[in-house]
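Step one of this worksheet: look at the structure below.
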Amino acid sequence: MSNWLHEKSWQEAEKAIKDSKGVAIIPVGSIEQHGYHMPLGTDSYVALTLAEDAAKETNAIIVPPLWFGWSPHHMVLPGTITIRPQVLVDYLYDVISSLKEHGLDKFILINGHRIVNITWMQLTAEQAQRELGVTVKIFDPAYMSKDIVNVLGFGPVGHSEEIETSHMMYRYPDMVHLELAKDNPIKPKELYSVDPTYANDTLCYVPSTYEDAKKHAVESGGTTGEPSKSSSEKGKVYHDHLISNLVKVIKNLQG
Ligand SMILES: [Zn+2]
């Protein structure tokens, strides 16, 4: 049986909640353009595949993912859906609040949507801890992999770049069309980098304006980075590294 909550009957859920030792994982993604070569749901898929593999090793419960994210800067390309940050905070808070009633009191929010998600996930986590008395951790793949991306020869964190593409090639090969990928190398930024492998990372993120995003979309088809450097072998190393870190986070919470 899988660890997904929505695949269980209530009786199965009751037992699974006991077996989980109170730990639930909530994958949080987006539906936004991912260049010529990857699907709109990429950010959600990368979060849910991490949840699935870590849950298998720990009996953590996986909550149905939040497929939508805050993506105003990607609205320039078709298919993108953007949800206001306050809606996301409230939605996630209500999910946590409901699950607390059923005995889940430790939550891990997996961030599939990069830097764009972090602020409102922090707001949710703080509010839930203060008002509901639960524990909330954020698991951010970019930060949790910063010691391995250089080893793998990946460039900086961008969008639909070699990191995300390699991960998708490993877990969802049928959804990646590398032959369509267009490179758009990232120019070094002295300030305002949001790349966690960059020593002077500032985390001062503001999404691009519509005009900038439009220009960028015309030039690159929506990619920032060099997806041509991707491989499923590298994706496996990256994935396994993240799973080992995520399993540690879960086991620490399980006590
Ligand atoms: Zn993405």
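The values are calculated or read from the model by the stated rules, or taken from the named source; none is laboratory data. Everything quoted here is computed from the prediction, not taken from an experiment. Don't worry about glycine lacking a Cβ; one is built from the backbone with ideal geometry, like all the others, and counts go over all protein chains shown.
Conditions tested, residue by residue: (1) surrounded by 24 or more Cβ atoms within 10 Å (Cβ to Cβ); (2) over 20 Å from Val95 (Cα atoms); (3) hydroxyl-bearing (Ser, Thr, Tyr).
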site: Gly41; (1), (2), (3): no, yes, no
site: Glu52; (1), (2), (3): no, no, no
site: Thr58; (1), (2), (3): no, yes, yes
site: Pro72; (1), (2), (3): no, yes, no
Q: Determine if the range 122-129 includes at least one residue that is small (Gly, Ala, Ser), more than 16 Å from the ligand (Cβ to nearest atom) and at pLDDT 95 or above.
A: yes
Q.
Can you tell me how many residues within the range 204-255 are more than 19 Å from Lys182 (Cβ to Cβ), assigned to a helix (DSSP H, G or I) and among the hydroxyl-bearing types (Ser, Thr, Tyr)?
A. 4
Q) Looking at Leu5, Leu48, which one is under 18 Å from the mean Cα position of the chain (by Cα), at pLDDT 95 or above and either within 16 Å of the ligand (Cβ to nearest atom) or closer than 30 Å to Asp174 by Cβ (or both)? A) Leu48
(Q) Every residue in the range 111-167 that is acidic (Asp, Glu) and under 11 Å from the mean Cα position of the chain (by Cα), please. (A) Asp140, Glu164
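So which residues in the range 59-82 are under 15 Å from Ile26 (Cβ atoms), of a type outside the set (Gly, Ala, Ser) and either more than 15 Å from the ligand (Cβ to nearest atom) or in contact with a Pro (Cβ under 8 Å, 6 or more places away or on another chain) (or both), if there are any at all?
Once the filter is applied, which keeps residues that are under 15 Å from Ile26 (Cβ atoms), of a type outside the set (Gly, Ala, Ser) and either more than 15 Å from the ligand (Cβ to nearest atom) or in contact with a Pro (Cβ under 8 Å, 6 or more places away or on another chain) (or both), the range 59-82 yields Ile61, Ile62, Val63, Pro64, Pro65, Leu66.
For every residue, the table says whether it meets (1) buried (at least 24 other Cβ atoms within 10 Å of the Cβ); (2) at negative phi; (3) polar (S, T, N, Q); (4) within 16 Å of the ligand (Cβ to nearest atom).
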residue: Asp105; (1), (2), (3), (4): no, yes, no, no
residue: Asn111; (1), (2), (3), (4): yes, yes, yes, yes
residue: Ile138; (1), (2), (3), (4): no, yes, no, no
residue: Asp147; (1), (2), (3), (4): no, yes, no, no
residue: Glu162; (1), (2), (3), (4): yes, yes, no, yes
residue: Pro173; (1), (2), (3), (4): no, yes, no, no
Q: Search the range 8-28 for residues being out of contact with any strand residue (DSSP E or B) (no Cβ under 6 Å at 6 or more places or on another chain) and not in a helix (DSSP H, G or I), and hand back the single one that is farthest from the ligand (Cβ to nearest atom).
A: Ser9
**Q.** Filtered residues of the range 205-255 (kept if loosely packed, with under 15 Cβ neighbours inside 10 Å, under 19 Å from the mean Cα position of the chain (by Cα) and modelled with pLDDT under 95)
**A.** Tyr205, Val206
